[in-house]
Structures are given as C-alpha cells and as structure tokens.
Amino acid sequence: MAVKVYSTPTCPYCTMAKKFLKENNVTFQDIDVSKDRQQAMEMVTKSGQRGVPVIDFNGQIIVGFDKSRLTHLISH
Amino acid sequence: MDNEAKIEEMNAFHKKIHENGKAAVVLFYSNNCPPCDVFEPVFDKYSMGYSKDINFLSFNIKDIPVVSERLMVRSMPTVIFMKAGEEACSRLSGYIEPSDLKEKIENVLGGICPKESRKKVTADVVIIGAGPAGLSAALYTARARLYTIVIDRAMPGGQVATTFTIENYAGTKGSITGPELVENMVGQVEEQGAELVELNEITEVDFSGKLKHVVSEDTDYYAKAVIIATGAQPRPLPVEKEEEYRGRGLHYCATCDGALYQDADIIVVGGGNSAVEEAVNLTKFARKVTLINRSDGFSATKSGQKKFFDNPKTDVIWNTEVRELKGEMFIDRVILENNKTGEKSEMAVDGIFTLIGMIPRTELFKGHVNIDENGYILTNENMETDIPGIYACGDVRRKYVRQIANAVGDGAIAAIFAEKYISSEDE
Ligand SMILES: Cc1cc2nc3c(=O)[nH]c(=O)nc-3n(C[C@H](O)[C@H](O)[C@H](O)COP(=O)(O)OP(=O)(O)OC[C@H]3O[C@@H](n4cnc5c(N)ncnc54)[C@H](O)[C@@H]3O)c2cc1C
C-alpha cells in the first residue's frame, strides 16, 4: 500500500488528515509542497487543483480532508 | 515509551481483565473528573452484586496510557465490557445511569447485545464549536468543575487555526501565530479537564427538554446547558462558477494554500483587516499581490494599511469588483469591473484569495433559538438566548465587533451564566 500526503506545514486540514491516518495505523509519505516544487507540480497534475491537502491513496486521489472517503478506503 | 513497553502494557491489561476466564466490566477514570466521583460508588455497588459472574476492574487512564489510546477511551469515565479479549456490547461514558450499567451487565452475561451503534454521552455542559469562544467557555466551566465536552466539526481553533499571525490579542508579547495560540488554548482547556471531541459535526439539536439534546453522526450528547460557539465561515465570492473553480485558483484560506503560489501573480479580494493582512502575508510566496477593493479605501486598521503600502510586492485596484473567472483547468484570467465607470477589463492571474467577510454558521439552530435576518443569534449581554440554558458566544452572535478578544470574552460570560443556571436548576 502506498499513501502520499501532499501538504503544507501551515494548513490545519493537512494536520488533521495526517493525524487521522496515523490514528488508523496507515503509514504514509508526507510531502511538504511549500518546499518541494517538483512535488507541488506533481500534486497539481494529479489532482487538477492547487488546494492542500491532497492524498494519493494507492492511486486514488482525494482532495481535501474527506473523512468518510478515507474511512472507506482504509476499510477496503 | 518504546514498542516493547507498549506491548507489555497491552498484554498485562488483557491478562488482568480475563484472569479467570470471566467477562469483565472495565472502568476508566481520571483525576479531576466530577462524573467519575459520582460514578465510583455505583460501580462499587454493582461490583459487589455481580462479581461472582463477571470481573470488575478500574484503571486511572494515566496508569495505562497505551491501552486507553488503543481502545480510544476519550470520555471520562468510560465503562467498557470485554469478553474473550474483545469489546462486547457498546460502552457507557459521562454521567452513567445506574440502570444503564445494570442493563449492560445483564446483556453481556446473557450474550444479548442489541445492536446499538450510537454512543450516548451525558455531560453538564456541551459546547458546540472549539474556536476561541468555545475554548474560553470550556476553560471557565471546566474550572467550575462542571463536566464539559467541547465538540468541533473540524479541529480546534476555528478561524484562528488558519490565521498566519495575530498582533492584536493581549498577552502574546506582540505577535503570535494562529496555530500557536490555538495550541496554548487547547492545552489550557484540557489541563482543566474539559474533553475535546474533534471531527464530530453537530447536525441536529433539541432544546425543548430539561436535558438538552445535541446530535452528531455517531453520538447523542445530553447536557444541562448548551453553549453555541459555531462561529462563521468565509463568504463565497459572488460570481458564477465559484464552486467549479474552488481549489483551481480560487481560495479562501491563505495560510493553507498560499505556499502553492510561489512566484505567482495573485489577487486578493476584500478590503478589511483580514484581506489587507493576508495580502501582505501572501507576498512571502507570490511575486505580486494585487488587492481588488470595491470601494475607494480600506476599512483595515492604520497599522495593517501601513504594512500593505510599505510592501514593494503589493498593489491595489480601487472601486473594482470581480465579475468573471476564466481559464481551462485553472483560473488564468479574471474579468474586473470598475463599479464607478462600469468599465470592464481583463487581468491575467494565477490565483485568487477571497476575504470578503464571513457568514454565521447557524442553519442548524433555526427554529430553536432567536436568529436575526442575517443569520446571527440574538443574545442579551449575559450571552443568554431566548431559551433558558442555551447560550451563544463569539462570531455567531449579533454584535458589531468580531475579534478573538471579544470571542474569548463572550465565552467567559456564557460559561459563568451557564454555571449559575446549572446550580440554580440543581437546587
Ligand atoms: C483570515 C482571518 C484573520 C483574522 N485575524 C484576526 C486577528 O488578527 N485578530 C483578531 O482578533 N481576530 C481575527 N480574525 C477574527 C477571529 O478569528 C474571529 O473573530 C474568531 O475566530 C471568532 O471565534 P469563534 O470561536 O466565535 O468562531 P470560530 O473561530 O469561527 O470557531 C467556530 C468553530 O465552530 C466549529 N463548528 C461550526 N459548526 C459546527 C457544528 N455544526 N458542529 C461542530 N462544530 C462546529 C468550527 O469548525 C469552528 O472550529 C480573523 C479571521 C480571519 C478569517
């Protein structure tokens, strides 16, 4: 399973999403898009937008902190 | 704590609760917890009556932090029923009725747990919203030794959680970041024993009974008094395709998404404190920040304006409104209109941050408390609504100034009057 979280350090919904994943024992790669421009571009291409967080959950792209969608993906 | 110690704590716990193969009633409590004190004699009484059939154990959560975390024990006290290493039936927490405990024990012993997926929690005070108003109220009620639950649909902090820096809140040595202020407030509130529930949106309320009922997706909360502190949310930019372009160039949170606009040309719509201050903050990332203001002056403070005009990367266009958003995938242009001359122009932009004020989050309370035509809750100066036992504080109230300083003030007042109300009702 590969999970990537594209985030910025100042975004509370990013913090929330990461906390939620941790609580559900999901390991993920945390990418700070304010530091890494190449990854920022990757995020924009993948998600078709510029808002953070973006979560790449095994190829499924989730924009924003969508708790119910994440819960669904985690349990399946 | 290292992993081994964690595993050891878990194992010791499981070993202890099922020592003789019986099922177990496990009580989790904490210090400084009024409902724990009330419940203790009840627990002792039942443990005498039933200890032949089922084990009774109680733990202070500070002694078993790993187990408490794993079992997600959040409310104090909580009673969990365990059978063969698994949690059986649903748990009880908060002010627990003796009859509920008895019924659960009988169910566990009889192996009949009716499927009830919803949790029920009874408290002295439920506070809806953990922005500065709700957190301040919680600090006061918790210190008054009232069992207090603060519930937020997102994470604590409200609008403050997404503000870069705050320079007008007393006691912060001049300046503090939003997240830091929130962290301080949350720490102080939790220290006093209030319980914080995140990611739990309240979707329904019923204030008609003596015990007020507040409903979320998975929990029924009951309380003697309810404090509404649901604050406000950003007013959407009044243009077509607003929703379509959200995140695709149109943003409402500069702190969150500003960093995605490195070296970009962006516009900020607005003219108040938030717009002017966030415009300056966005120059950390953007190449140029142009403020689009619909009148010919800012309503922001003098010091905010000075920072704006002193910054080489900022600019302003007066008497102008955004009429259209354009672009394939992302906004790349906007159509502006001068509202004095009616003249329209096109401007190339990479992104727009809109900060044109807030609208109160009160939809949920319509028909339950008095609300004015703009959606603000009406209270008197004691933060009392028209319903006894229901208070409102912070940005949701009808008032002239909406700042952290008076949100915190409102919260303190609401809490003090809620406390008075509860003690008079208890008599
Ligand atoms: C960009 C920006 C900058 C600002 N800068 C300053 C500043 O420098 N100084 C200053 O004094 N003020 C500033 N303010 C204003 C200040 O942040 C607000 O006045 C203050 O946050 C109001 O506090 P509150 O607790 O009433 O509401 P909020 O902060 O809005 O908090 C309300 C909380 O309730 C929760 N909630 C809402 N509905 C529900 C529900 N149904 N169930 C559960 N929870 C719910 C929300 O998630 C939120 O956390 C700024 C505001 C913004 C937007």
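The values are calculated or read from the model by the stated rules, or taken from the named source; none is laboratory data. Quantities reported herein were computed from a predicted structural model and do not represent experimental measurements. Positions of Cβ are backbone-derived with ideal geometry, glycine not excepted, and every protein chain shown enters the neighbour counts. Note: areas computed on protein heavy atoms with side chains; ligands, DNA, RNA excluded. Shrake-Rupley method; radii C 1.70, N 1.55, O 1.52, S 1.80 Å.
With one equal scatterer per alpha carbon and no solvent term, the Debye-computed log10 I(q)/I(0) for the protein assembly as shown at 0.06, 0.07, 0.10, 0.13 1/Å reads -0.34, -0.45, -0.87, -1.30. Residues considered: B:Pro35, B:Pro156, B:Pro312. Largest GNM mean-square fluctuation over chain B, using C-alpha springs under 10 Å, is found at B:Pro312. A loss of 50 Å² or more of accessible area (1.4 Å probe, protein heavy atoms, ligands and nucleic acids excluded) relative to the isolated chain is seen in these residues of segment B:252-273: B:Cys256, B:Leu260, B:Gln262. The count of lysine pairs in segment A:3-69 whose Cα atoms are under 17 Å apart, excluding pairs fewer than 8 places apart on the same chain, comes to 9. Note on the protein assembly as shown: antiparallel DSSP beta bridges, both residues inside, total approximately 45 percent of the bridges counted. Listed values for segment B:416-427 are Karplus-derived 3J(HN,Hα) couplings in whole Hz (6.51 cos²θ - 1.76 cosθ + 1.60, θ = phi - 60°), namely 5, 6, 5, 5, 4, 4, 5, 6, 6, 6, 6, 5, and x replaces Gly and Pro. Every pair of different Cα atoms in segment B:155-214 enters the Kirkwood calculation, which places the hydrodynamic radius at 13.8 Å. Along segment B:152-167 the Karplus relation, 6.51 cos²θ - 1.76 cosθ + 1.60 evaluated at θ = phi - 60°, assigns HN-Hα couplings of 10, 5, 10, 10, x, x, x, 5, 5, 4, 10, 10, 4, 9, 10, 10 Hz to successive residues, with x for each Gly and Pro.
Split the accessible area of the protein assembly as shown by element, probe 1.4 Å, and carbon with sulfur accounts for 49%. Under 10 Å, Cα contacts only: if you run a Gaussian network model on chain A, which one of A:Val54, A:Val63, A:Val26 comes out with the highest mean-square fluctuation? In this elastic network of chain A, the residue with the biggest mean-square fluctuation among A:Val54, A:Val63, A:Val26 is A:Val26.
When only alpha carbons are used to place a centre, segment B:318-374 and segment B:101-149 end up 41 Å from one another. Think of a 1.4 Å ball rolled over the protein heavy atoms: segment B:290-417 then has 52 Å² of accessible area per residue.
Exactly which trypsin sites (Lys or Arg not before Pro) in chain A are in a DSSP loop and have at most 12 other Cβ atoms within 10 Å? Answer in residue order: A:Lys35.
The reciprocal of the average 1/r between distinct C-alpha atoms defines the Kirkwood hydrodynamic radius, which for chain B equals 24.3 Å. Of the GluC sites (Glu not before Pro) in segment B:60-160, the ones in a loop by DSSP (not H, G, I, E or B) with at most 11 other beta carbons within 10 Å are B:Glu116. Cross-link partners for B:Lys302 among the aspartates and glutamates, with Cα-Cα distance under 17 Å and sequence neighbours closer than 8 places in the same chain left out: B:Glu167, B:Glu277, B:Glu278, B:Asp310, B:Asp315. With all pairs of separate Cα atoms included, chain A yields a Kirkwood hydrodynamic radius of 12.2 Å.
Here the sum of -39500 (n - 2.57) over DSSP H runs of 4 or more residues, divided by the residues of chain B, equals -9000 deg cm²/dmol at 222 nm, to the nearest 500.
Considering only beta bridges that DSSP places wholly inside segment A:3-69, some 65 percent are antiparallel.
I'd like the distance separating the alpha-carbon centroids of segment B:202-223 and segment A:1-66, in whole Å. Answer, in whole Å: 34. Are any of the pairs B:Lys22/B:Lys102; B:Lys22/B:Lys120; B:Lys212/B:Lys366; B:Lys52/B:Lys102; B:Lys119/B:Lys212 more than 20 Å apart by Cα-Cα distance, and if so, which? Beyond 20 Å between Cα atoms: B:Lys22/B:Lys120. Taken residue by residue and averaged, Cβ atoms of other chains lying within 10 Å of the Cβ of A:12-18 number 4. A DSSP coil position with no more than 11 other Cβ atoms inside 10 Å describes the following trypsin sites (Lys or Arg not before Pro) in segment B:90-182: B:Lys115, B:Arg118, B:Lys173. For segment B:363-379, the Karplus equation 6.51 cos²θ - 1.76 cosθ + 1.60, evaluated at θ = phi - 60°, returns couplings of 3, 4, 9, 4, x, 10, 9, 5, 10, 7, 5, 9, x, 8, 7, 8, 9 Hz by residue, with Gly and Pro reported as x.
In straight-distance terms, cross-link reach from B:Lys307 covers every one of the lysines whose alpha-carbon lies under 23 Å from its own, apart from those fewer than eight places away in the same chain; here that gives B:Lys173, B:Lys284, B:Lys288.
Normalised per residue, the accessible area of segment A:3-69 is 47 Å², obtained with a 1.4 Å probe and no contribution from ligands, DNA or RNA. Amide hydrogen proximity for B:Gly272: with H placed 1.01 Å from N in the peptide plane, the residues at 5 or more positions away or on another chain lying under 5 Å are B:Ser299. With all protein chains in place and ligands, DNA and RNA left out, the 1.4 Å accessible area ranks B:His213, A:His76 as A:His76, B:His213, largest first. Of all DSSP bridge pairs formed entirely within chain B, close to 45 percent run antiparallel.
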